Amino acid sequence: MPATRAFSVRRMVVRASSALLAVERIALMGLMYLLTGLILVNVVTRYSHFPIYWIDESAVYCVVWLTFVGASAMTRLRLDFAVTMLTERLSPRAQKIAKVISTGLVVVFGLALIITCVLWMDPIGLARAGFDGRKLAAETFNFLYTERTQTLNWPTWVVYLTLPIFAVSMTVHGLANLLEDLELVPRTSPKGFALSELDGVN
């Protein structure tokens, strides 16, 4: 029973990673279309001398979200950069160990980023303050929930949500990769991404 339960948990992590990757694929396509549309509208309105002042900021935030979502997907697709000057000279067993260590460090970084985001966004402190951003700022000098963007006038915490989302998704992808590297689960090919064997760097 314990072995079966452990295998079930491992499969659950891989399935969660696959589901996240599918959502990220749709999000990436949507953000690319949105960014293209924003740039085209910006060009047309500026050329016609009727610029829309909030489009520049929208495009910047679109690129930010696109970057973090794409970085998370690249983690699962193993398209992150790797320096192989040392590892390519190691034996196959040593290369496998180095790969496991590298993937483990990705998980550690993701967990550290989750902790950092919790400390920064302070959801417990916000709840204690009755979800009043001004009260939280007065008590902790954390002005995250009182600031707004310059032209869109959105709450900045909405834009910054990409960081905790990225931290969680990267950690899940890193765990799935680690389980595959340790050969605890069979390696699965990503759906919806046409990758050749030369596309993967790590």
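No lab work stands behind these numbers, since they all come straight from the coordinates. All values reported here derive from a predicted model rather than from experimental measurement. Ideal geometry is used to build each Cβ from the backbone, glycine not excepted, and the neighbour counts take in all protein chains shown.
Taking every pair of distinct Cα atoms and averaging 1/r, then inverting, what Kirkwood hydrodynamic radius in Å comes out for the chain?
Details: mean 1/r = 0.0506 Å⁻¹.
Roughly 19.8 Å, rounded to one decimal.
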Could you give each residue of region 127-138 its phi-based ³J(HN,Hα) in whole Hz, using Karplus coefficients 6.51, -1.76, 1.60 with θ = phi - 60°, and x for Gly or Pro? 5, 5, 7, x, 6, 9, x, 5, 5, 5, 5, 5
Using amide H atoms built 1.01 Å from N in the peptide plane, name the residues 5+ places from R148, or on other chains, whose amide H lies under 5 Å from its own. T156
So F193 and V63, fully extended at 0.36 nm per residue minus their Cα-Cα distance, gain in nm 44.7 nm
Cα to Cα, under 19 Å, and not fewer than 8 places away if on the same chain: which aspartates and glutamates meet these conditions relative to K135? D122, E147
5 Å is the cut-off here: which amide hydrogens, built 1.01 Å from N in the peptide plane, fall below it relative to D80, excluding neighbours closer than 5 in sequence? V201, N202
Simple spin-label estimate for A19 and A71 in nanometres, 7 Å along Cα-Cβ: 2.5
What FRET efficiency comes out for the pair T4/T45, r = Cβ-Cβ distance, R0 = 35 Å, nearest 0.05? 0.05
Looking at G192, A82, F50, which one has the Cα that reaches farthest to the positive end of the dipole of the chain (charges on Cβ: Lys, Arg +1; Asp, Glu -1)? G192
Of region 171-190, those with amide N under 15 Å from the point 7 Å along the Cα→Cβ vector of T87 are 174-175, 177-183
For region 52-66 and region 100-150, write down the distance between their C-alpha centroids in whole Å. 23
Once both label points are put 7 Å beyond Cα along the C-beta direction, the R134-I26 separation in nm becomes 3.9
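Counting pairs of alpha carbon atoms under 8 Å apart in space and at least six apart in sequence, what relative contact order in percent does region 2-181 give?
On the way: 144 pairs, mean separation 56.1, N = 180.
Taking the mean separation of contacting Cα pairs over the length of region 2-181, I get 31 percent.
Which value, in debye to the nearest 20, describes the size of the charge dipole of the chain about its Cα centre when Lys and Arg Cβ atoms bear +1, Asp and Glu Cβ atoms bear -1, and nothing else is charged? Don't skip to the answer; put the middle values down first.
Working: 18 positive and 14 negative charges, 124 e Å.
The calculated dipole for the chain is roughly 600 debye.
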Starting from the 7 Å offset along Cα-to-Cβ, what nm value, one decimal, do you get for the label separation of K96 and A112? 2.8
Students often forget the sequence filter, so: which lysines lie under 28 Å Cα-Cα from K191 once same-chain residues fewer than 8 apart are removed? K96, K99
